[in-house]
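The structure appears right after this line, and notes come after that.
The values are calculated or read from the model by the stated rules, or taken from the named source; none is laboratory data. None of the values given here were measured: they were computed from a predicted structure. As a convention, Cβ positions derive from the backbone with ideal geometry for all residues, glycine included, and neighbour counts pool all protein chains shown.
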């Protein structure tokens, strides 16, 4: 499942014009160092933002990012609640100085490198959500991108009459859209009744 999640993340950043470098293509069974970072991303044409960047990121906010290290946590059945974050310290290994220094070497310097976390979801209740965000910020994370935002933006960009033969992710989304398994967003006033 990790490979699918990472493929979705790679497609998302490439859709937004980032150069994406995967940290590793395989995990050696005996080697654990530096396996926490999934991607190094760089925007060749970052734009200045007139407003402060929000913590929960989507497509429009990515334009102001120049460089970042990205960690993908594709636990698609898990919400990143304060309890999960408190009991899973391995989530934060990538923000430790050793991992960050490795990122700086990959980029050539340590200027303007953000630490981004891709998560399945944050809690829905406002209080729990704010508590999770505060905990993530305190640990040194600069922003999160929920998977639903990535998937919705990828789906929005996929055209059914275009062939995406170089991308398995986009090709599967196109096929699902073409055969009606994924519908365009629409306003429904009344829910459909089952027959």
Scan (1) loosely packed, with under 11 Cβ neighbours inside 10 Å; (2) modelled with pLDDT of 75 or more; (3) farther than 17 Å from residue 122 by Cβ for the single condition residue 25 breaks and write down its number. (2)
Just a yes or no: is a residue in region 49-65 at pLDDT below 75, assigned to a loop (DSSP other than H, G, I, E, B), in contact with a strand residue (DSSP E or B) (Cβ under 8 Å, 6 or more places away or on another chain) and buried (at least 17 other Cβ atoms within 10 Å of the Cβ)? no
Residue 122 versus (1) in contact with a helix residue (DSSP H, G or I) (Cβ under 9 Å, 6 or more places away or on another chain); (2) surrounded by fewer than 17 Cβ atoms within 10 Å (Cβ to Cβ); (3) outside any helix (DSSP H, G or I): which is the lone unmet condition? (2)
Restricting to region 50-64, count the residues that are farther than 14 Å from residue 153 by Cβ and without any contact (Cβ under 8 Å) to a residue 24 or more places away in the chain. 4
Please go through (1) closer than 22 Å to residue 4 by Cα; (2) at pLDDT 90 or above for residue 137 and return the number of the only condition it doesn't satisfy. (1)
Looking at (1) in a helix (DSSP H, G or I); (2) in contact with a strand residue (DSSP E or B) (Cβ under 9 Å, 6 or more places away or on another chain); (3) in contact (Cβ under 8 Å) with a residue 40 or more places away in the chain; (4) within 26 Å of residue 22 (Cβ to Cβ), which is the one condition that is false for residue 100? (3)
For residue 140, work out the one condition from (1) in contact (Cβ under 8 Å) with a residue 12 or more places away in the chain; (2) part of a helix (DSSP H, G or I) it doesn't fulfil. (2)
